[in-house]
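What follows is a short report on a single structure.
The values are calculated or read from the model by the stated rules, or taken from the named source; none is laboratory data. Note that the structure is a prediction, hence the values are computed from the model and not measured. Please note that ligands, DNA and RNA were not included when accessible areas were found on the heavy atoms of the full protein model with its side chains. Shrake-Rupley method; radii C 1.70, N 1.55, O 1.52, S 1.80 Å.
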Amino acid sequence: MPAMAGGYDSNGPGPARRLLAAHRAATDFYRGHLLDEPRATAYLDSRGIAPAVAVARPWTVGYAPRGWTGLRDHLRGIGFTDAELLAAGLITTGPRRGPIDAFRDRVVFPIRDSDGYVVAFIGRDLSGRPGTPKYRNTATTPIYRKSELLYGLAEQFGGGRRPDALLIVEGPADVVAVAGLSATGSVDAHRDPADRYCAVAPCGTALTAAQVALLASAVEPGTPVVCAFDADVAGAAATEQAYRLLRDWPGPVEAVVLPDGADPASVVAGGPAGALATLRRARVPLADLILDRRLAPHLARLEARLTELARLGRDPSSESRQLGVDAVHALAALLAEVADAEPLHAAQLLARMSVRLDLNPLTVFEAVYPPSP
């Protein structure tokens, strides 16, 4: 294993070996509690994940029990010090008490580095207490930087395994749920070659250039990458970030557009055959999704203005045309970017905008590509 973050080398006698050993012991501790906690298994079932699959390799999902120091007491009992556990991010300091467990009453998903070592965790809260974050991620440590790893990559790649499509999702449950599709025997009868997904998730951060580089090194050039983020403000920001980072991806770049409140795990929970059909129908070019989202506020303004003009009894034609042209100008850079890589796709988007904005196609074209003086 190569040198790690912070200059530690896990092959030597330095601190990294102890931090990795602490994570290995913590993984075993959490796994040992998962199947005995009904709320944890119910959560996994609701996300389309069989608990017996989650707790087994390669995922080794676990449960962090309630209480302040269950993990700390266990790890201290097998020889780890508080200083080591603090450095590993497994315990933290409470405001009114000494060191306490970093994860409590959470389903915990181990995060692995490229060599398969557990270096961190993502914990999903089960308490439902007001003010408690739904997800908690291990903080930066000498062996872990969340912007440099992807959840699910180490578990699914290597040994010549190559997916037909990469699915970038928001959370670890989505990753494990999608992975379960390939383990379902009934899926093959409904499968299109492009349905063999491998899902990965950023570890509590928006997609980064380092993570895109990891993906590029893991798959064959030309492999489609499909973004499946939630339809909320954070998901919209994540989609924009992904578009910026994936513009030079050597293959199709798409998005999955799911209904509000849905995500890949909830789709999988509805059944494998239906999930694949839904994911197939919901795939669109990522540029199309970006265009629609950037266009949406312009359309809202246009509709509101037309309503106002109708109320005033005024002719809306001239003003609506100008608002439409303004919208095209605002999106011109995006359309030009698409045209540089895919001229035919850009022409389709221009035609789509002319319909959405009720503009002559030539007007739209000239707004994006003004005629030379």
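Annotation: Ile100 carries an accessible surface of approximately 10 Å², with a 1.4 Å probe and no ligand, DNA or RNA atoms counted.
Can you compute the helix-only [θ] at 222 nm over the chain? Use -39500 (n - 2.57) per DSSP H run of at least 4 residues, normalise by all residues, nearest 500 deg cm²/dmol.
Per the formula, -14500 deg cm²/dmol.
Taken per residue, the accessible surface of the range 274-373 reaches 57 Å², heavy atoms only and a 1.4 Å probe. The candidate values are (i) 20.9; (ii) 21.9; (iii) 23.0; the one derived from this structure for Kirkwood radius over Cα pairs in Å carries the label (iii). Helix 317-330 axis versus longest C-alpha principal axis of the chain: approximately 40°, rounded to the nearest ten.
At a 1.4 Å probe radius, carbon and sulfur cover how many percent of the accessible area of the chain?
On the way: 9360 of 17400 Å².
Whole-percent figure for carbon plus sulfur exposure: 54.
Please work out whether the range 1-140 counts as rounded, prolate or oblate from its C-alpha gyration tensor, where a ≥ b ≥ c are the square roots of the eigenvalues and a/c under 1.5 means rounded, while otherwise a/b larger than b/c means prolate and anything else oblate? It comes out oblate by the Cα gyration axes. A Gaussian network model of the chain, with springs between Cα atoms under 10 Å, assigns the largest mean-square fluctuation among Thr27, Thr81, Thr132 to Thr132. Which distance in Å, rounded to a whole number, links the C-alpha centroids of the range 302-352 and the range 80-95? Measuring centre to centre over Cα atoms gives 56 Å. Seen against the Cα atoms of the chain and their longest principal axis, helix 272-282 is set at about 40 degrees. Taking a ≥ b ≥ c as the square roots of the Cα gyration tensor eigenvalues, the range 272-328 comes out prolate, since a/c reaches at least 1.5 and a/b is larger than b/c.
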